[in-house]
Structure formats: structure tokens, C-alpha cells
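First up is the structure itself, then whatever we jot down about it.
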Amino acid sequence: KQHNITRTTMTAVQEKSSRTYRRYATMPSWIALSVVSVIIMQCQMLCVVSAFGDFALPKMPWDKPSQNPGGAKSSDQLQPGDTVAVIGASGNVGKLVALRLSDTFKVNGVVRDASRVAPFFEGRTNIQLYEADLLGEKFQGECPASLRPALEKANAIVICTGTTAFPTEAWSRSEDTSVTSDVVKALVDNGFNWQKAIASLDELGLNTPANVDARANEFLLDAWDAASKVKQKRAILLSSIGVQRRTTMPFPILNACGVLDAKAVAEESLQQHASDGGYSYTIVRPGQLFGGPYDNNYYLGTLFQLDKDESTQNVEVGKGDELLGDTLRSTLAEVTAQLMEEDFCRDMDFTVINAKGDTPSVDALQDSLKSL
């Protein structure tokens, strides 16, 4: 009476006590008495709650475990010196992501050819490169040997892999060979049915969106789960704007070869793996990428937007998939690092683009990410 427990709270306690009594009525009397005693203790502690503020009741046998959609708890934040596996560390974005993350973490970069990217990381002793051909591997219940050294001690993973939306040299297995003849043959063999032609290119094992953005990413997550020998804390997927707007112009054009469909599969797979594995995820959706480095010259952003970054340095972020614009590769790398270092944006997806204006300060960028 003194602590004035509300009628609603008391009713809830009484109903729970009644259900519990019926459940244990057929048990030996000493067990039933023990259970009733525990219920009485709970009621007494509810009185204390109203007098002393927040108070966590002890877990009881009938209490269900707390649900944490998406996985990780705040205590699972990455710490300096933890290991982050960067998948696609030889790409234009992956290079910058790996380089920036190495300021704080150990980085295991997964690449196809280490010799091509090693000079870029010269002097960074905490970046280790591991060679793997993701499309050449198959998951058969355990992590392939080529990926195990890179993944088994990784506390986090950043997936930077991707391919072009339309057939280019990036679709070739070597990423530097023309695929024109393959595309023409696929069209002729399938009566110029575009969807069937793309499916046949998938079957050839080319670097198509379905193979790179969907199948390879699902395979990577399976491999990480199977290989892991340490606490899995965080997974970040660099996706694309338009994934949730595939039927709204201009995105049906971008999705003509299925790139947005494939990225949607990867996003769903990440969310499911994170939930099952108990770690946190973040899906980052940049716009058309522009700005250096300019090594992979088959990307339109590299070919035609070389000077755009001079006056377009400001950063805009928004929940979900609502913004429209382009994104500097350097901005994407910095945002990814801030997510890891400051533990921002757990278990969510958002869009990041650049707009007219100067580069924001670190504090300003962090405030933008906190606002999400």
C-alpha cells in the first residue's frame, strides 16, 4: 500500500501467478511451495521498484530469453586492434576502406591478386592480404581453405565486392577482358531474350550481378560463420541506392541486368545471417561512385566524373533508400570507418550521398550518423 503499486501491475502479477500455479499444481508439494515462494519474492521486489526506480528482476524459469533482433549487444562494440576482414580490398572502394580501417584495426584484405594491390598498402604492416577466387569456390559445410586464414580471426567483415550494372570488362573472370562476344552469343542462343541471355551468362560463371552481388556474398557469410574462431561483432555490406526502389524510375534502367535484384538478395542474406549469428549488421547504400582511385576505368563514374569531387564534398545521409545522388569513394570509406570505430547505425540500412559544399568535420559527420 505504501508504495502504491498500480492496479494494472498487480493484475498482471496475479494472472501470471495463477497460470504458474496451474502449471505446477501436479508437482510434489515441496516444488510447488518453492515456486510460490519465488512468486511472492517477485511481488515484494515490485514494491521496491516503485520506491527505488529502475530495478532488474532476476531471471525466472518461466521467463523467455530477451529478443535482440539483428544480434549484437552494445558490449560487442569493436575495439582498437580487433581484426576486420575487407572483402574486395583490391577494388577502388575496397582499397580505401582497408586503408582507412587500418588506422584503428588489423585488416585482412581478401583479393584476387595480391601483387596488384600490395604497393597501395606499402608501409601498413597491420594490413595482411589473402588471395581467393570467390566465384571459383563452393561452400560445402565448411570454409574453403583459401578463405579460412582471412576469416577465422575476423571480428568483423566489410563486403566491398561488386560488379558493373551492365556488361563490361568487369564481367570477365580476369576483370580485364572484353565480354562482347559472350554477350552476343548469349543473345543469339536465347532468341534475343535479354533475361535468358543474362541467365546464360550467369551459368558461364562470369562476374555478373547474380554471381558477384548475390551468390558470392551469401557464400562469404556462410564461410565466415563456419570459419570463425573469435567473437563475431559486426558485418557491413556496401550496397546501392535503388535496391528498395527497383520499380521506380530511373532504377528499372539500372536494374536491366538484375544488379539491384542481386543486391537485394545480399541484403536479405546479411540480415538473416546477423540474426542467426548474434552479431550486428549495417547496410550502406551509396549512389553512383565517383572520385579516385581510378584504377578500374570501366566504371562510368571513373570515366566521366573525374572532376566532380572538387566542389561536391558535403555529406548527406538518410534512413532506408530515399536519397538520390552520387557518392565519393573516399566518403564511403570514411563513413564505413566511423561505423566501425564509433559503433554507429547498428542493425539498420541507410543511404549516403555527396552534395555541393565543403567536406564536413569529423564531428559533423558523426552527428549525421548519430541522427540515424
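The values are calculated or read from the model by the stated rules, or taken from the named source; none is laboratory data. Note that the coordinates shown come from a computational prediction; the quantities given were computed from them, not determined experimentally. We place every Cβ from the backbone using ideal geometry, glycine too, and count neighbours over all the protein chains shown. These accessible areas exclude ligands, DNA and RNA; they are computed on the full protein's heavy atoms, side chains included. Shrake-Rupley method; radii C 1.70, N 1.55, O 1.52, S 1.80 Å.
For the residues D349, D363, D343, the requirement of being open to solvent by 40 Å² or more (accessible area, probe 1.4 Å) and in the same structural domain as R245 (by the TED database) singles out D363. Remark: pairs (first residue in the range 235-255, in the same structural domain as N108 (by the TED database); second residue polar (S, T, N, Q) and in a loop (DSSP other than H, G, I, E, B); Cβ separation under 6 Å; 6+ apart in sequence or on different chains) = R246/N255. Residues in the range 295-329 that are open to solvent by 80 Å² or more (accessible area, probe 1.4 Å) and either touching a helix residue (DSSP H, G or I) at 6+ places or on another chain (Cβ under 7 Å) or of a type in the set (S, T, N, Q) (or both) were compared, and the one that is modelled with the lowest pLDDT is N297. Looking across the range 318-345, the residues that are touching a Phe, Trp or Tyr at 6+ places or on another chain (Cβ under 8 Å) and among the charged types (D, E, K, R) come down to K319, D326, R329.
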